[in-house]
Structures are given as C-alpha cells and as structure tokens.
Amino acid sequence: MSSKSARLFVTARDTQDRLAEKPALTLNPKADSGLPSVFIDPEIAFQTIEGFGGAFTEAAATTLQKMSVVNQERILKAYFDRAGGHGYSLCRTHINSCDFALGNYAYTETPGDTELKDFSLDRDRQALLPMIKSALSQGKEPFKLFASPWSPPAWMKTTGQMNRGGKLKPEYRDAWAAYYVRYIQEYKKEGIDIWGVTVQNEPAATQPWDSCIYSAEEERDFVRDHLGPTLERAGLGHVKIMIWDHNRDVIVHRASVSYADPAASKYIWGTGFHWYGDDKFDNLELHHAAWPDKKLLFTEGCQEGGPHTGEWTLGERYARSMINDMNRWTVGWVDWNLILDETGGPNHVGNMCSAPILADTKNDEVLFQSSYYYIGHFARFVRPGAKRILCATAREALEATAFINPDGSVAVIVMNRTEQPHRFSLDSHLWTATTAIPQRSIATFLING
C-alpha cells in the first residue's frame, strides 16, 4: 500500500494555479496524523452519476460565431475535449426561444397549426444546431442532451404571447405534447439524439421573458394524460421526463403531487432543479428519502446580474452547490450558458448573466472565469457511471465529496473558501496521506484503481 499514490490538481485564487497538477501524494499505511481529516470509504457507494455540462442557447451559439475560427475551436475543446478540456457529458438546450435567444420564436408560428404542418427548425439551423454539432465532433463519446421549453408558441397560450407567463390552453395540450415528439424527431434527423426533456422551465415564475405557468396539478395531469402517453406512442418512451425544473425551495412540495399519482409517476424519470433563491439543500435529502427511485438533476445555475468578469466567488458558488447537491443524491449537474459575450448576453430582455467562458467579441479574446476551473475539478475527474462514495470531513472549512469511477479510480474533491490554508490528512481504512489546501482554493485528488 505504501507505493500507492494520488495525483493532485489545484486551482487557487492567489496563485497562477488553474487545474494545475502538483506533485503526487504518497498514500502511506494507515496511521493517525493528528490532523483534521477528510475520510473516504470506496466500499460504501451511493448514486450513479450521469454527467456534468452546460447549456447550448441561441445566445451562446451566436456569440461563438462572432469569434475567430481558432477561438471557436479553443472554446469547444475547453468544454468537450476529453484530453485537454472538461469532457462534458450531459448538456441542455431550449425548445423554442428562451431569454438567452435573440428574440421570441417558435417552430410553428401559424395559429391553430395543431397538426404541426409548418413546424421547422430553420431558426435553430442559423447558429444553435451548428454549435451542438461542432461540440459533438470534439469528443469520442457523445454527450447526453436534454431539452426544456420556456414557452409554447404564443397561439397556444391564454395570454397570446410567449413572454410574461400565461398558461397553456387546455385545448392545445395534445398538440403541445405532439410538439415535443416532433422536436425530438427533427433533431434526430439532424443527427442529434435527445436524451430527455423537462416539462417546463421554471413553471412557477412569471418572467419578463419566455415563460409559462403550471400548477403542480397541471404539470402532473399534462405528463399523465398527454406528454407521457404521446412520447410512448411515438416510440420515444426511453426519453427521460423531468418535472419541476425550478428552485430547491419547494421541490418537495411539487414532486409530492406528481409522485403521489402512480399513473403520472410511471412516466417521470426524476426532478430537475435550479439554485436561485434559498439554498435549501436539505430538501434534496428529503426528496430522495421520500422517492428513492426518482432521480435528482441540477438543470440550471448561473451568476445573475451581468458578466462579473474576473470574480473569484463565482467558482466558489459553483463548487459549493456541486458539493452539496452531489452529497444529497444529485446525479448530474448542468451549468447554464456555455458562453456569453463581454456584456453577459445577448439576452432579448436584458437579463444579463455570467458564464464560465466569456467571449470578448470586440477583441476576439477568450476569458476563462473562475467558475470554468472549479467546474473542471468535477467534470474532468468524475466520469459518467461513477458512483458517489462515503466522504466525511472533520472541519467546516473543508468542504468535500468523492466518487469512484467505472475504471476504479477515485476522485476526491476538497474546497477551502476560507482566507487561511489548511493542513489535513486524506484517509481511508487502509491508508493516509498528509497534505494541505491553500486559501480560497479547490483541489482534486485522483487515486488510481
């Protein structure tokens, strides 16, 4: 056991280290170091991981197109290449427009087109589809892609517009369910498989942008009576259906309605959630305790209120959420926009935000943010099919989680958000290693199987 070692990768605020590999740690036979410890037990495993990734939006795609060919390739490799990038394995996109589109659009704008005769992906072919296809070409293993609607076409809604909430008219429920099927089929023709769908992005929020309201009962009924059966009849029963796709605050309240109905629940793979509002990580634990067969997937999170270029706290916010979410049964974690421009857009209602990679389109510069590196400490080392394993820390300052990959390697991720470095021991039942983590940093320890 004394010859066993752990590779160490560090990202730290007050250094030039960004996913930098440091000298390996020797794992010595078990002994008491007298230090605070991070303890792991690979024999005790929990949920299986689907993957990590980000979202393809029209905003991201049009921003990418404004960059030089060299920098377009650099950005895509940074996310999707396994050798030199994050190797993203689970991503999201939008059905119809979202706020991070250049304007409202639907795949059929023809009022009353319930047979979807005018359905067309021409808008997506301008930027969104080329970006997705280019990303798929970066890796040997295709990533899984799920899709979320922000709003049905305006003519299907009670308000007659895609923005500012409103509801799906009851008479269009069948047509709207058929819309998902047509979308999946048309994307398949483009060579893109849709792994899953969420029923509605943020169904409890009336937003200035594309939005649509569902009560918990309306969402349950739509899945049970329309979306689930329609997908199944079309031979798409394998496509994962996720409910909620909103914040952690009332995730248990919402899930309880759908999962209490066996006829609805049978169609639902799991519950998607976001990070806006109160953290309420404990609700994820409650969700798993109540419905252990239903998956939890983090489907969106970003730093709101502009680009926040160069701010270190962005990365820490990401990693804090990732550690707490994964430690409470979450099976995957998906960032919001893959790329935004120097303003934190474009966004057709001015809802500017940050992204892990910002593109200075005026000067053709790629700006990697702290969140990019912090995400990499998970995505690069925790691969699809990994299982979370038992991991416990002896100090609040040491935030940690751990996984065993399909190849037997173990990834332990430790973050220190304090202003002091911390010495600690990395321990298992069989070995120990003494190490330290700098202030305001994150580290991944990769132990070969």
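The values are calculated or read from the model by the stated rules, or taken from the named source; none is laboratory data. Note that the coordinates shown come from a computational prediction; the quantities given were computed from them, not determined experimentally. Glycine also receives a Cβ, built like all others from the backbone with ideal geometry; neighbour counts cover every protein chain displayed.
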Do we have any residue at all in the stretch 215-233 that's crowded, with 20+ Cβ neighbours inside 10 Å and of a type in the set (Lys, Arg)?
yes
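What are the residues in the stretch 207-249 that are aromatic (Phe, Trp, Tyr) and more than 20 Å from His287 (Cβ to Cβ), if any?
Trp209, Phe222
Can you tell me which residue among Ala106, Ala101, Ala83 is surrounded by fewer than 17 Cβ atoms within 10 Å (Cβ to Cβ) and assigned to a loop (DSSP other than H, G, I, E, B)?
Answer to the selection: Ala83.
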Can you find, within the stretch 382-399, the residue that is nearest to the chain's Cα centre (by Cα) among those that are surrounded by fewer than 21 Cβ atoms within 10 Å (Cβ to Cβ) and of a type in the set (A, V, I, L, M)?
Ile389
Being of a type in the set (Lys, Arg) and at pLDDT 95 or above is the filter; apply it to the stretch 8-34 and report the residue that is nearest to the chain's Cα centre (by Cα).
Arg18
Test Val382 against the stated conditions and say whether it is within 29 Å of Gly84 (Cα to Cα), β-branched (Val, Ile, Thr), assigned to a loop (DSSP other than H, G, I, E, B) and at pLDDT 95 or above.
yes
Top-ranked residue in the stretch 167-205 [being of a type in the set (A, V, I, L, M) and touching a residue at least 60 places away in the same chain (Cβ under 8 Å); ranked as nearest to Ser148 (Cα to Cα)]
Val197
Residues located in the stretch 243-273, provided they are in contact (Cβ under 8 Å) with a residue 60 or more places away in the chain and buried (at least 23 other Cβ atoms within 10 Å of the Cβ):
Asp245, Gly270, Gly272
For the stretch 136-180, what are the residues that are of a type in the set (D, E, K, R), more than 24 Å from Phe298 (Cβ to Cβ) and out of contact with any Lys or Arg (no Cβ under 8 Å at 6 or more places or on another chain)?
Arg164, Glu171, Arg173, Asp174
Taking interchain pairs and intrachain pairs at least six residues apart, which have beta carbon atoms under 7 angstrom, with the first residue in the stretch 108-133 and of a type in the set (Ser, Thr, Tyr) and the second not in a helix (DSSP H, G or I)?
Thr108/Leu116; Thr108/Asp118; Thr108/Phe119; Thr108/Pro153; Thr110/Asp118; Ser120/Tyr107
Where residues in the stretch 35-60 are outside any strand (DSSP E or B) and crowded, with 21+ Cβ neighbours inside 10 Å, which of them is nearest to the chain's Cα centre (by Cα)?
Glu50
Pairs where the first residue, in the stretch 394-414, is over 19 Å from Pro438 (Cα atoms) and at pLDDT 95 or above and the second is part of a loop (DSSP other than H, G, I, E, B) and of a type in the set (Phe, Trp, Tyr), C-beta under 9 Å, 6+ apart:
Phe403/Phe381; Asn405/Phe381; Ser409/Phe381
Please determine, by comparing only the residues of the stretch 148-163 that are buried (at least 20 other Cβ atoms within 10 Å of the Cβ) and of a type in the set (A, V, I, L, M), which one is farthest from the chain's Cα centre (by Cα).
Met156
When you go through (1) buried (at least 24 other Cβ atoms within 10 Å of the Cβ); (2) touching a helix residue (DSSP H, G or I) at 6+ places or on another chain (Cβ under 8 Å); (3) not small (Gly, Ala, Ser) one by one for Gln65, which number turns out not to apply?
(1)
Odd one out for Ala135, checked against (1) more than 19 Å from the chain's Cα centre (by Cα); (2) assigned to a helix (DSSP H, G or I); (3) more than 22 Å from Asn104 (Cβ to Cβ):
(1)
